[in-house]
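Here is the structure we will look at.
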Amino acid sequence: MEGRTYISAVRLSGEIGYGSYLAAVPAVRHLMRAGQLKLEKPVTFFVGENGTGKSTLLEAIAVAYGFNPEGGTRNFRFSTEDSHSELWKSLTLVKRGHASDGFFLRAESFYNVASNIDQLDREPSFSPPVIDSYGGVSLHRRSHGESFLAVVQNRFGGHGVYLLDEPEAALSPTRQMTLLCQMDELVKQMSQFIVATHSPILMAYPKADILEFSGEGIRAVDYRETEHYQVTRRFLEDPERMLRYLLED
């Protein structure tokens with residue numbers, strides 16, 4: 001694995017008021033104690049249960065880096081609903097070098113990014129059309145998974161910082177493997193990925209750092225230590241037994 005770490009650490013440089021809901025988010029509490037979170041590999045996964053702050057922290061990193069909170073490149077300026085947290089204002093990103101490309105791809109607001117691209121292309125000032133950088137076909141005219149991959153395959157150009165929030169939400173297991181291959185190609189082109197995910201397929205990427213978020217904080221874990229791997233493996237090895245346990249009266 002080659003790649004770069006354009007963002008090498010995330011530091012909490014501002015106060016988080018104890019009256020703020022952010023002070024109760026486990027990932028934020030960890031930063032309040034530790035002061036910073038190091039990102040030492042070109043690929044870092046944020047994993048853990050819902051509510052531990054994976055997406056909250058990833059979103060804050062994205063906004064602090066200059067991305068639109070709803071996703072897109074650093075040139076996107078639309079706003080559908082101002083729902084992101086104020087955590088980014090309390091973060092300092094430790095940067096190494098300049099990335100020539102970047103994208104914040106998040107499942108929950110991807111529809112808004114696709115709509116904004118179509119809107120921009122209805123304005124006469126944009127030539128060539130913005131959609132040309134995304135495969136030439138409106139992302140709304142593709143399935144959710146196809147449009148996700150169209151962005152990665154056509155818009156991600158290498159030497160970039162790519163932040164992905166639960167990309168598996170749109171992708172079948174086979175397409176998740178396709179995404180792994182695309183990530184690897186981009187890492188070889190000196191890119192960095194930070195990915196919040198529940199997918200045991202994606203987090204199997206070799207030599208990545210897996211940071212597990214929990215109520216106790218954030219810690220680095222081995223792939224096979226993750227609950228995602230262990231639960232999925234137990235289920236697939238004996239689904240009947242697991243279903244009897246889950247569904248018994």
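The values are calculated or read from the model by the stated rules, or taken from the named source; none is laboratory data. All figures in this text were calculated on a predicted structure; none of them were measured in a lab. With ideal geometry, Cβ positions are generated from the backbone for all residues, glycine too; neighbour counts draw on all protein chains shown. For accessibility, only protein heavy atoms count, side chains too; no ligands or nucleic acids. Shrake-Rupley method; radii C 1.70, N 1.55, O 1.52, S 1.80 Å.
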Give the residue that is most open to solvent (accessible area, probe 1.4 Å), with candidates limited to residues of segment 120-164 that are in contact (Cβ under 8 Å) with a residue 40 or more places away in the chain and either assigned to a helix (DSSP H, G or I) or β-branched (Val, Ile, Thr) (or both).
-> Arg155
Would you confirm whether any residue within segment 88-101 is in contact with a Gly (Cβ under 7 Å, 6 or more places away or on another chain), open to solvent by less than 40 Å² (accessible area, probe 1.4 Å) and assigned to a strand (DSSP E or B)?
-> yes
Just wondering, is there one or more residues in segment 213-222 that are part of a loop (DSSP other than H, G, I, E, B) and either modelled with pLDDT of 95 or more or open to solvent by 70 Å² or more (accessible area, probe 1.4 Å) (or both)?
-> yes
Segment 1-59 - residue that is free of Cβ contacts under 8 Å to residues at least 12 places away in the same chain and assigned to a helix (DSSP H, G or I) and, of those, least open to solvent (accessible area, probe 1.4 Å) | Ala23
Note on segment 189-209: residues polar (S, T, N, Q), open to solvent by less than 10 Å² (accessible area, probe 1.4 Å) and more than 11 Å from the chain's Cα centre (by Cα) are Ser191, Gln192, Ser199
Tally time: how many residues in segment 108-119 are among the small types (Gly, Ala, Ser) and open to solvent by less than 20 Å² (accessible area, probe 1.4 Å)?
-> 2
Any chance segment 66-84 includes a residue that's open to solvent by 40 Å² or more (accessible area, probe 1.4 Å) and at positive phi?
-> no
